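Here the structure is laid out as structure tokens; the discussion comes afterwards.
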Amino acid sequence: MTVGDLGQYTGIAVDPSGYAHIVCQSVIYFGAYVLYATNKPGTWTTMVPSGDGRHPSVATDAQGNAHIAVMLASSSIWHRLQYITDKSGTWTSKNVGAKGSGWDPSIIVDASGAVHIADEVVFPADPYEIVGPGYFTNASGTWTTDMAFERRDYDDHYALALDAAGKPRFVYYIYYNQLTTLFATRESGTWVSATLDTGADNGRGTWWGMDDAGGQQVIYANHDSHYEYGYRPSATENWTYEFILSDFFAPATPYNKWFVVDGAGIGHFAFSDNSRCVYATNESGTWAGWNIDEFPSGGASGRHLDVHHSGLEAMSFLQYEVGLYVGTSSDGSLWNFELVDPLAEYRDVTWIAFGPGGDIHVAYSRPDGIAYAGNASGGMECRDR
């Protein structure tokens, strides 16, 4: 695939067998389609499962099937959430939600194979449409749509998780007039919410995670371009907040940072601070950050982080006019970075994920298309997709 603007909104999921599933958005003039690539048969195959779509999100089930949520964006549809899967052996798609629903989906497949999506939902109404944070699932056997709360504002940047009981929780922010970060959960059968922060331009690039005990953590940038951290130990306790990492600057773009909470409840945060790459963690009980690389020849983009259950951490990013870097660390304080692909294109997003055995998989873009790097066979190898 060499036509169009490939590699935007790149995402990767690794199935239980260790195969990688990659999605990205390709823009041609004013249209867009979703490109999918996998090495599941043992060799790489690339296909277009949807003739239209933006902002893809991908997950896999226990059998290694791909499940993709996209925003349809043709001129005749405006925008609408669509679900795509190859579970039956061939690609099938279904429009989920009313016209106008769907913008920035987050998708999860649970252990039973049920699909869960968080995204904006729109219900037609007179004289104005009803807009709010939405939850879509086929857990009952048919697709259902639930608006957590009715709003007149538009929502974005959804991040979905399921707790140990399978109940949905997600974070999103409102970007109409001002950014407000909110958290929604349906722990007792009805939706409840908490406003994490309000005020002009608060909530840019909201990231959150949940530990094995159900504790939730969130990091976001406030209007002073500094980071704020929120923590909620359990469903029955309140959120607490604190300013963190005051010596570092929060970049305007949400794509240059990533937050992961491991099973033990330790937060791991990677972000760019001007020309520096920074890693931060609260493993000691308080947040501390380290400069782990400098970029004197240009900035870095598309930072992504993952933590394996063994404690190994991995990070990927793109440096302007240099290429794709991948680094690993066993304790967060000492990182070993390697220039993996000098042909990588400087874009917004890379995506890194661990396989079940601790092997590393990275999706990113080159000028001639989507690309993959992995170390399942030993050293890091790069391949055009």
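Quick grid of which residues meet (1) at pLDDT 80 or above; (2) part of a loop (DSSP other than H, G, I, E, B):
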residue: GLY141; (1), (2): yes, yes
residue: THR145; (1), (2): yes, no
residue: HIS157; (1), (2): no, no
residue: VAL171; (1), (2): no, no
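Residues in segment 284-312 that are under 23 Å from the mean Cα position of the chain (by Cα) and at pLDDT 85 or above: TRP287 only.
Of the residues THR90, THR2, only one is at pLDDT below 80, in a loop (DSSP other than H, G, I, E, B) and not small (Gly, Ala, Ser); which?
Numbers: THR90 fails: at pLDDT below 80.
Step by step, each of THR90, THR2 is checked, and only THR2 is at pLDDT below 80, in a loop (DSSP other than H, G, I, E, B) and not small (Gly, Ala, Ser).
Applying the condition of being hydroxyl-bearing (Ser, Thr, Tyr), assigned to a loop (DSSP other than H, G, I, E, B) and over 20 Å from TRP103 (Cβ atoms) to segment 175-220 and asking which residue is modelled with the highest pLDDT yields THR190. Scoring SER365 on the criteria (1) assigned to a loop (DSSP other than H, G, I, E, B); (2) under 23 Å from ASP15 (Cα atoms); (3) in contact with a Lys or Arg (Cβ under 7 Å, 6 or more places away or on another chain) leaves a single failure, condition (1).
Mind listing just one residue for me: the one in segment 339-366 that is of a type in the set (D, E, K, R) and at pLDDT below 85 and, of those, nearest to ALA59 (Cα to Cα)? Among residues in segment 339-366 that are of a type in the set (D, E, K, R) and at pLDDT below 85, the one nearest to ALA59 (Cα to Cα) is ASP348.
The values are calculated or read from the model by the stated rules, or taken from the named source; none is laboratory data. All of these numbers come straight from a predicted model, not from anything done at the bench. Cβ atoms come from the backbone with ideal geometry, glycine included; neighbour counts cover every protein chain shown.
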